[in-house]
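Read-outs: derived from the displayed coordinates by stated rules, not from any lab. Being a predicted model, the structure only gives us computed values, none of them experimental. Cβ atoms come from the backbone with ideal geometry, glycine included; neighbour counts cover every protein chain shown.
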Amino acid sequence: MSLMPFAPSRPLSIGVELELQLLGCNDYNLVSSAPDMLRRIAKYPHPGDVKPEMTRSMIEINTSVQQEYGGLVEELRSLRKVVSDAGRFLNVAVAGGGTHPFQHWSEQKIFDAPRFHHLSELYGYLAKQFTIFGQHVHIGCTGPDEALHLMHMLSRYVPHFIALSASSPFVQGHDTGFASARLNSVFSFPLSGRAPFVLSWNGFEQFFDKMTTTGVVESMKDFYWDIRPKPEFGTIEVRVCDTPLTVEIAAAIACYIQAVSRYIMVEQRAAPQEDDYLVYTFNRFQACRFGLEGVFIDPCTHEQRSIREDITGMLARISAHAMELRAGEAMERVREILAAGNGTSWLRQTYAREHNLGDVMQLQAALWMGN
Amino acid sequence: MTWSTYLPLWPLSVPPALWLALTLVVAVLVGEALVRYLKLPRIVGYIAIGLLLGPGGFSLIPQLPAAEWRLVVDLALGILLFELGSKVNLRWLKANPWIAGTSLLESITTFFVVYGLLLWFDTAGVTAAVVATIAIATSPAIVVRTVTESRAQGQVTDRLLLMTALNCIYAVIFHKLAVALMHGETGAGLMHSVLQPLYLIGGSALLAWLFGITFERIHHHLGQHEETFSFVLFGMIAFATIMASTLKLSPILVLLAAGLITRYRRQRSRTFPPHFGSAGAVLVVLMFIANGLAADLNGLRESALLVLLLIMVRAIAKLSSVLALAHYSGIGLRQAMALGIALVPMSSVALLLTLDTGATFPAFASGLGLALMSCIVILELAGPIVVQMALGAAGETPEKKT
């Protein structure tokens, strides 16, 4: 199967996918209620889409194509309402966050669909360990070469997106010490990491054909890259974020990515350098491990600063673009995260107060459902 | 000094408790064998061993005075009822009124089909009503125990727990009403027939509320010390049970309501170890053995047809009611089938209500009570298997390790 042609899309349009946790209301452990939830949600008209995911304790909500923060946050709120109402009707709590703090992966059940069964057979326990919850952000691009340019230029800012959205410190009942432990699960997949350094769509098609000939991959879905092109939508898809604890933060982070993309498209036309990737894994690790406190090494100047400082600098550089995109409120929320901390700080503070991960999960669900 | 001063006399005269201890060992071993080789729930083994070795079977264990057992049964049932109540979220009924509707429908239907069947068998109206109220209750003991053992979770499990708690409450209240009517028939004044149920409901609710508040207070201070906490809890449950009996209230109602109230008032979710710790688990095992020992299948000899029909119409009533409202309450056909079937088991609650009725009206104990007992024994043995299969078919038990 060869690669689909790149469908053009409106530049800088955005779409958000959020993977959500489904929880039982007695112990706040994951509960395999996705089929019940989807059946219930299908009865009510709603914007966007609600879909099954790999295991039956997760569902995914997708927004339609949006242009700016106002429309995006509104659509996410109405999706949240539909999902929360279905949850209350079925005694199921719904929460954000990148990991469930004490679920046991072996108790997860694979959703009954051919693709998920295939993946489960291929990846074995990795598929069930993939019970992690991420936010994917699509950014529209006029053409394929522009998409590849944006993808490689955005890589510099991947630590920003990780640190801002990080909300998965707890795994299997313990504090991992990571701000985003979720990404550690992604790294164990064979085709994770960054996309190859190819700058033209022709070159990318050749790479894809070579990979399919080897039999390693069948479609773009088999690449678990941090950022990957999505030709059928005409977008690039940023996949490093944890699902934040509220839809408002999810929308704000999506719009931060949108504003950074506009800055790149308008001001940074020079081609990316392969050497920019020398610091990539180091920076990304720092973001996963230490969040906003992580060390950021500038790929051009090799200066060191904290990720928080680098985001602060970036907010100043993109303020005109954010203004143009009417993302003022979104940037304000990003500033709040820099000051008050990300989801991981909230989770750690809550755990320090409650001493019980079940209670943390209950409060996390209450926060997401807005009750 | 003679032989007899330090050697036991032959033949040995052993206290009955020795056979009980042995029964406990055998029952637990048989239970494990059932799980391992037949994939059947453990409690089937406990009940079956009690039944086989007890007076109802080969009579290897001498009849024990009921009072000695009663405390164990009351305490274990109290633990299970409180556990059931504390797993049930009453707020769910507000978010999904169709579940309340399903619960009412299945209980009313069960009452009337059983009542109708008994009238057709020429039973007196009041007696038929008493049996029909007992038939409403699903066994909380079997449901809680099987759900715990199979580690089930999901819509069917949640609804099964909720509907079991609700139909036990209806059963106890309407049973008292029916018994009051029976009293009315045997010559007591109308006023007492009305006041008694009122006293029962009000008094039980008050005691349950006090229990709930005390429980929360103690949990707040002792909750982290699981073992200490479980001991205090058992003391409280025993106290509430005996207090309820002394005040002529219903221990079943008090402990179930106490669990529900605690869960309803609580800000944070709490998970307790199964049966509030291993001591509770031992009591639960003993209770199932005791139920087996108390089992009486003599009713089958005279009224096998009635027993069979009772079981069938009761099951059909519960299943069809759940199926009728399944779509509106948000579950699929397969889940509704599973839920309807899982509501069938009868055990301790029905047993205690039957025994209590029989104690007040000896004619009942030797008549229709016997048929009802046989019905309970059969549904007690089959119950755990049925619930386990239903939860498995609904996809709510963990997938088998491959």
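Under 18 Å of direct C-alpha separation, and excluding same-chain neighbours fewer than eight residues apart, residue B:318 reaches these aspartates and glutamates: B:106, B:158, B:380.
Only helices at least 30 Å long along their axis, Cα-based, and averaging -1.0 or more on Kyte-Doolittle count here, so list those DSSP H runs from chain B.
Values: long enough: B:66-87 (31 Å, 1.02); B:97-120 (34 Å, 1.30); B:155-185 (44 Å, 0.93); B:190-222 (48 Å, 0.84); B:299-329 (43 Å, 1.36); B:368-393 (35 Å, 1.99).
TM-like helix candidates: B:66-87, B:97-120, B:155-185, B:190-222, B:299-329, B:368-393.
Over region B:298-402, the hull volume per residue, using the convex hull of the C-alpha atoms, is 122 Å³. Show me, bin by bin at 10 Å from 0, the whole-percent P(r) of region B:74-400 based on Cα pairs. Result, from short to long distances: 6, 27, 36, 24, 6, 0 percent. Note on residue B:176: aspartates and glutamates with a C-alpha under 13 Å away, same-chain residues under 8 apart excluded, are B:356. Note on A:100, A:46, A:149, B:221: ascending count of other Cβ atoms within 10 Å places them as B:221, A:46, A:149, A:100, the fewest first.
In square nanometres, what is one fourth of the surface area of the convex hull spanned by the alpha carbons of the protein assembly as shown? Before the final figure, lay out each step's value.
Details: hull surface 164.9 nm².
One quarter of the hull surface, i.e. the mean projection, equals 41.2 nm².
Dipole of region B:74-400 computed with +1 at Lys/Arg Cβ and -1 at Asp/Glu Cβ about the Cα centre; of B:167, B:225, B:118, farthest Cα towards the positive end is B:225. List the aspartates and glutamates whose Cα lies under 13 Å from the Cα of residue B:39, skipping any in the same chain that are fewer than 8 positions away. Once the sequence-local aspartates and glutamates are set aside, what remains near residue B:39 is B:149. Here the simple spin-label model places points 7 Å from the Cα toward Cβ, and for residue A:305 and residue B:239 these points are separated by 6.4 nm.
Just subtract the alpha-carbon distance of residue B:267 and residue B:210 from 0.36 nm times their residue separation and send over the number in nm, one decimal.
Values: separation 57, 0.36 × 57 = 20.52 nm, distance 1.78 nm.
The residue B:267-residue B:210 span can extend by a further 18.7 nm.
Distance from the C-alpha centroid of region B:86-107 to that of region B:47-62: 39 Å, rounded to the whole angstrom.
How do B:346, B:236 line up, fewest other C-beta atoms within 10 Å first?
Numbers: B:346 26, B:236 18.
Neighbour counts put them in this order, fewest first: B:236, B:346.
Can you compute the charge dipole magnitude of the protein assembly as shown about its Cα centre, using +1 on each Lys and Arg Cβ and -1 on each Asp and Glu Cβ, nothing else charged? Give it in debye, rounded to the nearest 20. Numbers along the way, then the final one.
Details: 57 positive and 59 negative charges, 243 e Å.
Approximately 1160 debye in magnitude.
Using alpha carbons only, the radius of gyration of region A:221-371 set against its Kirkwood radius gives Rg/Rh = 0.99. Charging the Cβ of each Asp and Glu at -1 and of each Lys and Arg at +1, and nothing else, the dipole of chain A about its Cα centre rounds to 520 debye. Only helices reaching 27 angstrom along their own axis (Cα) with mean Kyte-Doolittle hydropathy no lower than 0.5 count here, and for the DSSP H runs of chain A these are A:247-267.
Largest mean-square fluctuation among B:194, B:114, B:179, in a Gaussian network model of chain B whose springs join Cα atoms under 10 Å apart, belongs to B:194.
Cross-link list A:43/A:81; A:51/A:221; A:51/A:109; A:51/B:87; A:109/B:87; A:81/B:87: which exceed 19 angstrom alpha carbon to alpha carbon?
Numbers: A:43/A:81 14 Å; A:51/A:221 16 Å; A:51/A:109 16 Å; A:51/B:87 30 Å; A:109/B:87 23 Å; A:81/B:87 26 Å.
Where the Cα-Cα span goes over 19 Å, the pairs concerned are A:51/B:87; A:109/B:87; A:81/B:87.
In deg cm²/dmol and to the nearest 500, what is the mean residue ellipticity at 222 nm of chain B if only DSSP H runs of at least 4 residues count, each as -39500 (n - 2.57), divided by the residue total?
Details: 18 runs with 310 residues, N = 402.
-26000 deg cm²/dmol, from helical runs alone.
Counting other Cβ atoms within 10 Å as a rough exposure proxy, the listed residues B:122, B:296, A:49, B:356 run B:122, A:49, B:356, B:296 from fewest neighbours to most. Under the simplified labelling scheme, the residue B:35-residue B:312 pair shows an inter-label distance of 3.6 nm, with each label point 7 Å from Cα along Cα→Cβ.
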